[in-house]
Amino acid sequence: MTIALTALFLALMFLGMPVAFSVGVSSLIFFVTSDTIPAQIGVQRIASATQSFPLLAVPLFVLAGNLMNASGITDRIISLAKVMTGWITGGLAQVAIVVSALMGGVSGSAVADAAMEARILGPAMLKQGFSRGFTCAVIAVGSLITATIPPSIGLILYGFLGNVSIGKLFIGGVIPGLLMTVLLMGTTYLIATKRGYKPDNPTFPGVMQLLRELNHSKWALLFPVFLVIGIRFGIFTPSEVGAFAVFYAIVVGVFAYRQLTWGKFNEALRHSIHDIGMIMLIIMLSSMIGYVISLEQVPAHAAEWIVGVTQSQNLLLTMLVIFILLLGMFLESTVIVLLLTPILVPIVIKAGIDPVHFGLVMMTATTLGGMTPPVGVAMFTVCGLLKTPLDEYTKEAIPLLAAVIALIFLMAFVPEIVLFLPNLLM
Amino acid sequence: MTGFYSAIARAEDVVARVCLAGCAALVFVAAVSRAMGAPVLWAIDIAMLLFIWCAFLGADAALRARQHIIIDIIVRLFPQRVQRALLITHWTLIVVFLLTLVGLGIQLTMLNVQRPMGDTDISYAYVTAAVPFGALLMALTAARQLMQFWRDPKLHFGTGGESPL
């Protein structure tokens, strides 16, 4: 039954039905044709999927992200990044990567970051002579940093579905996010040197200028510090931090930067409602499939099978990473998290792997799926906005993707990269 | 009919914005009150009630704006007439699916009238009612889009929507 259900879901999805409805239609058919389970159970699952306090972090961080854009925090982050790294070889490409890292502390969505940078930095990069493919690749792959540095919507979903501490996952994302920033800047430096891409500024603008920009963006830079402290001391749960992020963005936007008007506030709410509606419809409708998966004991069987195949944690992680990367080429990231987390978390726990460690490895690989051709939403968004064909993107993205994949394996084999901070702090 | 539908869309937008802002405000109140040692227990329950309504009204708004993610990399290679046939089939299936949800959702809501929500005296039926109500709104939106598709002989797949991750 599970196989027929999966086949129908995949067929509908690749024939162009919206992903949320592909899940919904195929699982509802299961409930309606089942002799033993009343069909209302399926609808019951849809409603109860939303009645979870940890999941409230999703709408709150989506709203906070949109409010940060409306409050002027994003603009200041971009000017700061230009002063910090505009003088390095690779100029605006380095700026794009640093913007992703700085935005990572206030936003939890790679695609939102990629779309913002494609609109604001993309045209300027093309004008300075960066190739279209390279511009899109740096912006799309770089945005993965935003999804790794806390807060992160992907990690909230993983923690929610796998019953893993979202606070620990958040703190575990700090070091991998910073490593990814250094790694991508290094790769960009090598490519830029080879191609002769010029810096944005000829020289470093000076310490005074840097301090001035740091002062302008202090509210954006302080937020992740508050977030980590709040979670570290157990003062607040991630959902509560989400509500504080909303409050913080409003206060900074109204009182510090004086840019957040009533109209912009409502526009941010409206934009968030669309984002929330889109993600929640997938979550709610796929909760029906979750019921079927657990009913047929798929996780238990899969765990037994995989643990029987290999005793080696490294081999298991290698297999899972390759599997997720391959799936990520064809499936949308949200779908992968929703379908695989309930199956994989029991497997890795049984194999003795820390679920926080696995969460960062899995979510980095899953979110990277949004940047790998032929199907990837971050890639589609950036290439669509900058009118770039996928083959140009693919050619230029390969070195950057290779660098990130190397980091994913490093994270898989050296758990301390992820676990050092959570173990130290919590 | 168009006037009626755009009135629904405007009302939906206002209610959804109120639900989201209210949800954020209530979680904030709950967090502050808990930190001060006098937790307001009902705040979280109401926040989650507002959340499901915001999610369904937002899902309809996103459907109207055609923002739901579609993977069209394969179907865009098909002849235009096949693409048109697929879109019409999909949207017919979606309308049928949503109307089924309306029916099942009403039955479920009736079963939950007596059940209280969390720590409150409010009926859980207010939570489950979001399912048939939201599905009905989406069925209306999808049916209108289906009618537009039917009238458009040059219909084909556009680009997919955005992703939240």
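FYI, it's all coordinate maths here, none of it is from the lab. Note that the structure is predicted; figures quoted are calculated from it, not measured. Cβ coordinates were reconstructed from backbone atoms using ideal geometry, including for glycine residues, and neighbour counts include every protein chain displayed.
Please average, across the residues of B:17-30, the number of beta carbons from any other chain that are within 10 Å of each residue's own beta carbon, and give a whole number. Each step should come with its number before you reach the end.
Values: counts 7, 1, 4, 11, 6, 0, 7, 15, 3, 2, 14, 7, 1, 4.
Counting other chains' Cβ atoms within 10 Å and averaging over B:17-30 gives 6.
Please report A:E392, A:E332 as a ranked list, fewest other C-beta atoms within 10 angstrom at the top and most at the bottom.
Values: A:E392 17, A:E332 26.
Fewest to most other Cβ atoms nearby, the residues stand as A:E392, A:E332.
Which net charge results when you count Lys and Arg as +1 and Asp and Glu as -1 among the other residues whose beta-carbon is under 11 Å from that of A:F53?
Details: positive: none; negative: A:E240, B:D45.
Net local charge, A:F53 excluded: -2.
Skipping prolines and chain starts, which residues have an amide H placed within reach, meaning under 5 Å, of the one on A:I149, given they are 5 or more residues away or on another chain?
none
Could you work out the relative contact order of the stretch A:1-127, using alpha carbon pairs under 8 angstrom and six or more residues apart, expressed as a whole percent?
Details: 64 pairs, mean separation 19.5, N = 127.
The normalised contact order for the stretch A:1-127 reaches 15 percent.
Taking 7 Å along the Cα-to-C-beta vector as the label spot, tell me the A:L10-A:S48 distance in nanometres, rounded to one decimal.
The answer from the label model is 2.9 nm.
Return the sequence-ordered ³J(HN,Hα) values of the stretch B:78-91 in whole Hz as given by the Karplus equation 6.51 cos²θ - 1.76 cosθ + 1.60 applied to θ = phi - 60°, using x for Gly and Pro.
My calculation for the stretch B:78-91 gives 6, x, 4, 5, 5, 4, 5, 4, 5, 4, 5, 4, 4, 5 Hz in order.
How big is the gap, in Å, between the Cα center of the stretch A:308-364 and the Cα center of the stretch A:64-115?
Taking the Cα centre of each part, the stretch A:308-364 and the stretch A:64-115 sit 30 Å apart.
Taking Cβ-Cβ under 4.7 Å as the only way to count a partner, pick out the unpartnered cysteines of chain B.
B:C23
What's the average, rounded to a whole number, of partner chain beta-carbon atoms within 10 Å of each residue's beta-carbon in B:44-56?
Taking the mean over all residues of the peptide, I get 6.
Multiplying the sequence separation of A:Y257 and A:V207 by 0.36 nm and subtracting their Cα-Cα distance, what value in nm do you get?
On the way: separation 50, 0.36 × 50 = 18.00 nm, distance 2.32 nm.
Length difference between fully extended and current span is 15.7 nm.
Tell me, what HN-Hα J-couplings in whole Hz come from the Karplus equation 6.51 cos²θ - 1.76 cosθ + 1.60 at θ = phi - 60° for each residue of the stretch A:381-397, using x for Gly and Pro?
Ordered by residue, 3J(HN,Hα) equals 4, 5, 5, x, 5, 9, 6, 10, x, 5, 5, 5, 4, 4, 4, 7, 7 Hz.
Would you kindly compute the Cα radius of gyration of the stretch A:169-321 and its largest Cα-Cα separation (Dmax), both in Å?
23.1, 64
What percentage of all Cα-Cα pairs in the stretch A:279-350 are separated by more than 17 Å? Intermediate values should be presented prior to the final figure.
Working: 1217 of 2556 pairs.
Tail fraction, whole percent: 48.
Just need the relative contact order of the stretch A:184-336 here, percent rounded to a whole number, with Cα pairs under 8 Å and 6+ apart. Please report the intermediate quantities before stating the final value.
Working: 24 pairs, mean separation 15.3, N = 153.
With pairs under 8 Å counted, the relative contact order is 10 percent.
Per residue, how big is the convex hull around the C-alpha atoms of the stretch A:273-426? Give it to me in cubic angstrom, could you?
Details: hull volume 21.9 nm³, N = 154.
With only Cα atoms used, the stretch A:273-426 gives 142 Å³ per residue.
Hey, if you put +1 on the Cβ of every Lys and Arg and -1 on every Asp and Glu Cβ in the stretch A:211-305, which of A:I289, A:P238, A:F226 ends up farthest toward the positive end of that dipole?
Positive-end residue among those listed: A:F226.
Using a 10 Å cut-off around each Cβ, can you sort A:Y189, A:Y197, A:Y291 from fewest to most neighbouring Cβ atoms? Walk me through the numbers before you get to the answer.
On the way: A:Y189 16, A:Y197 23, A:Y291 19.
Ranked by crowding around the Cβ, least crowded first: A:Y189, A:Y291, A:Y197.
How high is the FRET efficiency between B:L111 and A:E304 when r is their beta carbon distance and R₀ equals 30 Å, given to the nearest 0.05? Write out the running numbers ahead of the final one.
On the way: r = 37 Å, r/R0 = 1.22.
For B:L111 and A:E304, the calculated efficiency is 0.25.
Let me confirm one metric for peptide A:55-65, namely the mean number of other chain beta-carbon atoms within 10 Å of its residues' beta-carbons.
Working: counts 3, 9, 1, 3, 11, 7, 0, 3, 5, 1, 0.
So the per-residue partner count for this stretch is 4.
Please compute the contact order of chain A in relative form: average sequence separation of alpha-carbon pairs under 8 Å and at least six residues apart, divided by the residue count, as a percent.
Working: 647 pairs, mean separation 111.0, N = 426.
26 percent.
Can you work out ³J(HN,Hα) from phi for every residue in the stretch A:308-325, in order, using Karplus 6.51 cos²θ - 1.76 cosθ + 1.60 and θ = phi - 60°, giving whole Hz and x for Gly and Pro?
x, 6, 9, 9, 7, 4, 5, 5, 4, 4, 4, 4, 5, 4, 4, 4, 5, 4
Simple spin-label model, 7 Å along Cα-to-Cβ: A:L190 to A:I322 in nm?
Placing both labels 7 Å beyond Cα along the Cβ direction yields 2.3 nm.
In whole angstrom, note down how far apart the Cα centers of the stretch B:112-158 and the stretch A:197-224 are.
Each part's Cα centre sits 47 Å from the other's.
Taking every pair of alpha-carbon atoms in the stretch A:118-182, what share in percent sits in each 10 Å bin, from 0 to the bin with the longest distance?
21, 35, 26, 15, 3
Can you sort B:T92, B:T109 from fewest to most other Cβ atoms within 10 Å of each residue's own Cβ? The partial results should precede the final answer.
Numbers: B:T92 15, B:T109 23.
Listing B:T92, B:T109 from fewest to most nearby Cβ atoms yields B:T92, B:T109.
Structure shown: which of A:K82/A:K168; A:K82/A:K127; A:K82/A:K194; A:K127/A:K198 lie over 20 Å apart, alpha-carbon to alpha-carbon? Don't jump to the answer; show the numbers that get you there.
Details: A:K82/A:K168 32 Å; A:K82/A:K127 16 Å; A:K82/A:K194 22 Å; A:K127/A:K198 12 Å.
Pairs exceeding 20 Å: A:K82/A:K168; A:K82/A:K194.
Suppose the Debye formula is applied to equal point scatterers at every Cα of the protein assembly as shown; what is log10 I(q)/I(0) at q = 0.05, 0.12 Å⁻¹?
-0.20, -1.27
Could you state, as a whole-number percent, how many of the C-alpha pairs of the stretch A:32-169 are farther apart than 23 Å?
Working: 4281 of 9453 pairs.
When every Cα pair of the stretch A:32-169 is considered, 45 percent fall beyond 23 Å.
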